[in-house]
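Notes to accompany the following structure.
The values are calculated or read from the model by the stated rules, or taken from the named source; none is laboratory data. Only a predicted model underlies this, so the values are computations on that prediction, with no experimental measurement involved. Cβ coordinates were reconstructed from backbone atoms using ideal geometry, including for glycine residues, and neighbour counts include every protein chain displayed. The area values use the complete protein model at the heavy-atom level, side chains included, leaving out ligands, DNA and RNA. Shrake-Rupley method; radii C 1.70, N 1.55, O 1.52, S 1.80 Å.
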Amino acid sequence: MSQHTLAVDGDDLAPETASKAAAARDALAERDGVLVAFSGGVDSAVVAALAHEALGDDAVACTARSETLPAAELADAERVAAEIGITHETVVFSELDDPNFVANDGDRCYHCRTMRLGRMYETARDLGIDTVCDGTNADDPGEGHRPGLRAVEELDVFSPLLDAGVTKEEVRAIADAYGLSVADKPSMACLSSRIPTGLEVTEARLTRVEKAERVLREWGFEGFRVRDHDGLARVEIAPDELERALDSAFAEAVHEHLTDVGFEYVTLDMAGYRTGSVSPGGDADDTDAVGAGTEGETDQTESEDDGDDGNRDIGRTYPR
């Protein structure tokens with residue numbers, strides 16, 4: 001696998017963004033070694049690429065495997081690490097071992113991030129590495145209630161993008177300069193964010209959410225969530241894809257598949273997908289640094305409209 005080189009002094013980036021990227025890379029180079037908390041999302045991928053460029057084999061990416069990480073996202077993290085050329089480690093743990101996490105109060109992300117980063121530090125010590133870093137960027141602290149960031153501060157995690165003032169837009173530009181496939185990858189919170197605050201996080205709920213969202217992904221949807229309201233599935237589809245869901249074929253298929261995976265009722269949220277809606281007025285999704293992102297997939301089920309404006313069945317079929 002060839003290594004990518006970031007042209008910080010070239011034409012790939014705006015001068016200010018190139019300067020920030022160089023500052024983050026140089027700050028990483030000052031460390032003897034780093035372990036990157038790695039979800040495979042764009043933020044952690046950029047940190048991993050910068051760290052690999054700065055430190056070579058003294059930089060390691062580490063992904064935490066648990067019930068809240070979809071299997072597809074773990075596979076994606078492995079692929080992106082290989083793309084960067086960085087050594088990739090995985091650690092296994094269960095958030096469900098912590099009753100504070102299971103209780104799913106307003107600080108769920110704090111408890112989750114504390115456990116995840118704790119395992120990262122254990123792995124780093126085993127590898128003889130003193131520094132754990134993450135993908136927090138300069139826009140993250142201003143995005144509403146983010147209890148996970150409190151854990152980052154308490155555990156003294158190094159956030160090179162935040163320290164260098166790299167914004168989310170600039171993160172994507174740097175990823176593109178590296179030629180990373182995740183440059184345009186949407187952020188995605190862990191599966192527990194689909195369960196309303198106050199409703200216990202259980203393995204059964206996480207499993208049926210993962211299976212339900214896998215179905216939508218396989219059908220070619222890119223922006224979506226399946227919220228689990230104690231057995232009622234509230235399906236959110238991005239506004240630019242919502243017309244596809246206003247289709248009798250989709251309604252029949254999604255009801256059949258989601259009841260098969262364990263939901264009692266299936267509803268479509270007519271407001272469409274938006275972050276933080278699992279508990280309206282409550283927490284926003286705590287993204288990339290604790291969870292992983294979704295890859296957009298090619299729509300393999302789309303066909304032409306049959307031309308009947310009064311008929312919402314627009315000719316698409318869904319696998320059985």
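If a residue must be assigned to a helix (DSSP H, G or I) and either among the charged types (D, E, K, R) or farther than 25 Å from residue 177 by Cα (or both), how many such residues does the range 47-99 contain? Step through it out loud before you land on a result.
Initially, the range 47-99 is screened for residues assigned to a helix (DSSP H, G or I), giving 47-58, 71-84, 95-97, 99.
Still in the list and also either among the charged types (D, E, K, R) or farther than 25 Å from residue 177 by Cα (or both): 53, 57-58, 71-73, 76, 78-79, 83, 95-97, 99.
Residues meeting the conditions: 14.
Which members of the range 191-213 meet the condition of being part of a loop (DSSP other than H, G, I, E, B) and either open to solvent by less than 10 Å² (accessible area, probe 1.4 Å) or among the acidic types (Asp, Glu) (or both)?
195, 200, 201, listed by residue number.
Restricting the range 243-264 to residues that are of a type outside the set (Phe, Trp, Tyr) and surrounded by 18 or more Cβ atoms within 10 Å (Cβ to Cβ), which is nearest to residue 199 (Cα to Cα)?
First pass over the range 243-264, keeping only residues of a type outside the set (Phe, Trp, Tyr): 243-249, 251-262, 264.
Remaining after also requiring surrounded by 18 or more Cβ atoms within 10 Å (Cβ to Cβ): 244-245, 247, 253-254, 257-258.
Numbers: 244: 31, 245: 27, 247: 31, 253: 27, 254: 24, 257: 23, 258: 20 Å.
Out of the qualifying residues, it is 258.
Considering the range 15-71 alone, what residues qualify as being acidic (Asp, Glu) and either farther than 30 Å from residue 210 by Cβ or buried (at least 21 other Cβ atoms within 10 Å of the Cβ) (or both)?
Answer for the range 15-71, where residues must be acidic (Asp, Glu) and either farther than 30 Å from residue 210 by Cβ or buried (at least 21 other Cβ atoms within 10 Å of the Cβ) (or both): 16, 26, 30, 32, 43, 53, 57, 58.
So that you can scan it fast, the table gives a plain yes or no per residue for (1) under 30 Å from residue 14 (Cβ atoms); (2) under 17 Å from the mean Cα position of the chain (by Cα):
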site	(1), (2)
74	no, yes
79	yes, yes
93	no, no
97	no, no
107	no, no
136	yes, yes
149	yes, yes
174	yes, no
179	yes, no
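Only one residue in 138, 81 is surrounded by fewer than 20 Cβ atoms within 10 Å (Cβ to Cβ), among the aliphatic types (A, V, I, L, M) and more than 11 Å from residue 35 (Cα to Cα), so which one is that?
Only one candidate passes the filter, namely 138.
Do we find that residue 46 is closer than 18 Å to residue 162 by Cα and among the β-branched types (Val, Ile, Thr) in this structure?
Judged against the criteria, residue 46 is a match.
Hey, among 71, 64, 75, which residue is small (Gly, Ala, Ser), without any contact (Cβ under 8 Å) to a residue 12 or more places away in the chain and under 20 Å from residue 192 (Cα atoms)? Walk me through it before giving the result.
Values: 71 fails: without any contact (Cβ under 8 Å) to a residue 12 or more places away in the chain; 64 fails: without any contact (Cβ under 8 Å) to a residue 12 or more places away in the chain.
Checking each option against the conditions leaves just 75.
Taking residue 123 as meeting all but one of (1) in contact with a helix residue (DSSP H, G or I) (Cβ under 9 Å, 6 or more places away or on another chain); (2) farther than 25 Å from residue 206 by Cα, write down the number of the exception.
If we test residue 123 against (1) in contact with a helix residue (DSSP H, G or I) (Cβ under 9 Å, 6 or more places away or on another chain); (2) farther than 25 Å from residue 206 by Cα, just (1) comes out false.
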